[in-house]
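Written below as structure tokens is the structure these notes are about.
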Amino acid sequence: MSAAASRDVVDLPPESLVVLTHDTELLTTLRAVATEHEISTVGAEADLATQLLENHAGVAVLDTSAVTSPIGQLAERLKAQFPDLVLVVAGSVHDQAALGGQIQRGTVYRFLHKPVSEQRVRLFVNAAWRRHDVEHQEIIEATASNLRAPMWAPPRPTEKTIKNMKWAGIAAAAAVALVLVTWFVTRQTSGPSEAAADSATATQPAPGAVSPEAELESLLARADAALRAGALTAPPAENAVDLYRQAMRLKSDDPRPGIGIERVMDKLLTAAEKALLEDRTDEAARLTDIARGIEPDHVRVAFLTTQIGKERERLLLAQARSAAEKGRVDEAIRVLDRASVTGGSTQQFAEARNQIAQKKVEDQVTEYLRRATDRIRSNALVEPAQNNARFFIESARAIAPNSPEVRQAQRQLADRIVAQARSAVSAGNADDADKWIQAATDAGVSRDDVTALTRDLQRMRIATRAESMAKLSQSFNQRLAQGRLVDPPNDSAKFYLTQLAQAEATHPSTVLARQALGAKLLEEARNAIGRQDFAAARRWMGEARDIGIDASGTASIEREITAAQANAARNEVVTAKLLTRTRYSPPEYPETARARGAQGWVDIIFTVRTDGSVGDVTVAGAEPAGIFEQAAMASVRKWRYQPVVRDGKPIEQRAKVRISFAMEP
């Protein structure tokens, strides 16, 4: 069954983020950043458990100001009831101290200080969802492992475990589907006959040599062990990355090395995210650089690089604002100037650093705004980190928060960012539009403008998807009309159905295409049955199952194939020499023929029944006629054979034999 069919069978409800809070600002911030999951709000602690169950929660945010019972006890109770629920608590420093044990044990995943910032909330929520995916996968793998263990008796489920048992069943079904797909692929790539199997056996390596398959499994085992031991990129040649890459070079079409490298990337980037959340920015950067060396274009590497740059900017700006608020303006300027040097042209910022001691605060603000204007002109609005227009405007605001020039620069930057977002939407570039909408949020663009941009982006995505589905449907219908059902592999009706399913499995165009192709494939199977080409009929049936036609749609044709094969077998007459006779009774020579000295032969056709007995004995020919027929038929009726077996079941078989009658010399 295809991936698309699997998704049709396992239709899971979407997971949501449940928030217990009375804080409008916190809820507004969460809705602005957590756009990929539905947000459900709870106003009372007593209603929390019910909301978690009804809304299929994966992550929960608990505001301590809305909690009536001790927050530590509530966290322990929720984690016991919902093992794969990831908890984020928002509150004061005092509340964090009360949760020290729960945070250390992982019962509470992260603590969010109030008042919150959008950047911090986004980082925490994204990390929480990734943690939820890891914990959920661990539960699935543990359950699948238990299903494989011998002599296992399942415990009686309690109300607390009902939810996890449902997920475990889904995991087991997915595992069985994976085994079936693997078996099918293996069968397709194996030889079509015993001769091919003999040839493959003849090419096995000599005794003592290591086969490529054995070498591959050894490399994968060593790589998995290195991954478990944490030897991700060192020591050389014995780390997980090097071993997986050796396995990939040995067998490029095996998916396991690629999956292994992705697991290494996940470990590195998860550790980097954890370091970033714990304000260990340098460690996060180091781990991200290691991951970049493995897969430079990995989407999470790009995301983390951006987040690290933003975090460094945030820390530097906070340091500068703190110094300025305490009257240490020169110190604030030095902090910002050093930061800008690391992010841009060394010569340019070195000249500014030499002049900064003599400039007043107003002059420095002017310099920052000049740099911001330059960056705006070169379209470096928010990147690269510490060398973009937003950073320089924020630097100026840190030492002159009430400056009209700074506020005007902020408005100019916001207008340019909004224009970039609208241009990306108009061009149909969803990824760029997402980036600029996020930048607009960070730059303080009004919520109404951000909402309008987001709505325009959603409309563009819907229109783009609809156009793509229409083109795929047109190509599918053309190939179907041309009779190009499964060949060529990359330009057939089946190929375009797969593309439709990958785009949107439940879209009406996908559903109708699957039904239409399924009907054609089953029609081809019936035509093959009519030609008694049973191998072709089964191939067409396999194609039908591969696109997701279930047993209810193929059962009748399976019965037709079986019946047609049985009927063909019954009508086929084989020479009796091909059958194994277990009892023989010689024919009696007729006395009248012996007296006359007559000789001759009789051709007999008979049926070997499923129990080995002989029936339906008829004469197909005789020479001379009318003399030896009865003796020949009487003899054959006494014979017995081993039953003929086909597809594991005994069948009736018609056979032909010639019985000769000759006088002994």
Matching residues, segment 106-132, being touching a helix residue (DSSP H, G or I) at 6+ places or on another chain (Cβ under 9 Å) and over 30 Å from GLY444 (Cα atoms)
GLY106, THR107, VAL108
For segment 628-662, name all the residues that are within 18 Å of ALA598 (Cβ to Cβ) and in contact with a Gly (Cβ under 6 Å, 6 or more places away or on another chain).
PHE628, PHE661
Which one is nearest to ALA234 (Cα to Cα), of the residues in segment 293-325 that are modelled with pLDDT of 80 or more and either among the basic types (Lys, Arg) or touching a strand residue (DSSP E or B) at 6+ places or on another chain (Cβ under 9 Å) (or both)?
ARG300
Please work out which residue is most open to solvent (accessible area, probe 1.4 Å), limiting yourself to segment 417-445 and to residues that are free of Cβ contacts under 8 Å to residues at least 24 places away in the same chain and not in a helix (DSSP H, G or I).
ALA427
Within the group HIS37, HIS56, which residue is surrounded by 13 or more Cβ atoms within 10 Å (Cβ to Cβ), at positive phi and touching a residue at least 40 places away in the same chain (Cβ under 8 Å)?
HIS56
Scope segment 481-496; condition at negative phi and in a loop (DSSP other than H, G, I, E, B); matching residues:
GLN482, ARG484, LEU485, VAL486, ASP487, PRO488, PRO489, ASN490, ASP491, SER492
Kindly check whether there is at least one residue in segment 250-260 that is buried (at least 20 other Cβ atoms within 10 Å of the Cβ), of a type in the set (Val, Ile, Thr) and in a helix (DSSP H, G or I).
no
Could you give every pair whose Cβ atoms fall below 8 Å, whose first residue belongs to segment 397-416 and is hydrophobic (A, V, I, L, M, F, W, C), and whose second residue is open to solvent by 100 Å² or more (accessible area, probe 1.4 Å), counting only separations of at least 6 or pairs across chains?
ALA400/GLU362
Just need a number here: residues in segment 106-134 that are at pLDDT below 85, open to solvent by 30 Å² or more (accessible area, probe 1.4 Å) and of a type outside the set (Val, Ile, Thr).
8
Does ALA389 satisfy being among the small types (Gly, Ala, Ser) and under 26 Å from LEU315 (Cβ atoms)?
yes
Taking segment 535-552 and keeping residues open to solvent by 30 Å² or more (accessible area, probe 1.4 Å) and assigned to a helix (DSSP H, G or I) leaves ALA535, ARG538, ARG539, TRP540, GLU543, ARG545, ASP546, ALA551, SER552
Any residue in segment 542-553 that is among the small types (Gly, Ala, Ser) and within 21 Å of ASN567 (Cβ to Cβ)?
no
Residue match in segment 399-406 (condition: outside any loop (DSSP other than H, G, I, E, B) and either more than 28 Å from GLU367 (Cα to Cα) or of a type in the set (Lys, Arg) (or both))
no
Kindly check whether there is at least one residue in segment 571-588 that is open to solvent by 60 Å² or more (accessible area, probe 1.4 Å), at positive phi, assigned to a strand (DSSP E or B) and at pLDDT 90 or above.
no
Can you give me the number of residues within segment 589-609 that are part of a strand (DSSP E or B) and either at positive phi or open to solvent by less than 60 Å² (accessible area, probe 1.4 Å) (or both)?
8
Near pairs, Cβ below 6 angstrom, 6+ apart or cross-chain, from segment 231-242 (under 14 Å from LEU287 (Cβ atoms)) to any residue that is open to solvent by 60 Å² or more (accessible area, probe 1.4 Å)
VAL241/THR233
Members of segment 525-534 found to be open to solvent by 60 Å² or more (accessible area, probe 1.4 Å) and either in contact (Cβ under 8 Å) with a residue 12 or more places away in the chain or in contact with a helix residue (DSSP H, G or I) (Cβ under 7 Å, 6 or more places away or on another chain) (or both), listed by number
ARG526, GLN532
Mind checking which residues of segment 496-523 are more than 28 Å from GLU560 (Cα to Cα) and hydrophobic (A, V, I, L, M, F, W, C)?
LEU500, ALA501, ALA503, ALA505
Of everything in segment 499-513, what is crowded, with 21+ Cβ neighbours inside 10 Å and under 17 Å from GLN478 (Cβ atoms)? Give them in sequence order.
LEU500, THR510, ALA513
Could you list, in sequence order, the residues of segment 497-526 that are assigned to a helix (DSSP H, G or I) and either closer than 10 Å to TRP540 by Cα or of a type in the set (D, E, K, R) (or both)?
ARG514, GLY518, LYS520, LEU521, LEU522, GLU523, GLU524, ALA525, ARG526
Does ASP448 qualify as being farther than 27 Å from VAL299 by Cβ and open to solvent by 80 Å² or more (accessible area, probe 1.4 Å)?
yes
Inside segment 610-629, can you point out the residues that are buried (at least 18 other Cβ atoms within 10 Å of the Cβ) and part of a loop (DSSP other than H, G, I, E, B)?
GLY612, ILE627, PHE628
For segment 11-47, which positions are assigned to a helix (DSSP H, G or I) and not polar (S, T, N, Q)?
GLU25, LEU26, LEU27, LEU30, ARG31, ALA32, VAL33, GLU45, ALA46, ASP47
Taking the condition out of contact with any Phe, Trp or Tyr (no Cβ under 7 Å at 6 or more places or on another chain), open to solvent by less than 60 Å² (accessible area, probe 1.4 Å) and either over 24 Å from LEU220 (Cβ atoms) or not acidic (Asp, Glu) (or both), does GLU278 pass?
no
Output the number of residues of segment 64-105 satisfying the condition of being in a loop (DSSP other than H, G, I, E, B) and open to solvent by 30 Å² or more (accessible area, probe 1.4 Å).
5
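The values are calculated or read from the model by the stated rules, or taken from the named source; none is laboratory data. Predicted, not measured: the structure shown is a model, and the values here were computed from it. Neighbour counts run over all protein chains shown; Cβ positions are idealised from the backbone, glycine included. To get the accessible areas, we keep the full protein, side chains included, count just its heavy atoms, and leave off ligands, DNA and RNA. Shrake-Rupley method; radii C 1.70, N 1.55, O 1.52, S 1.80 Å.
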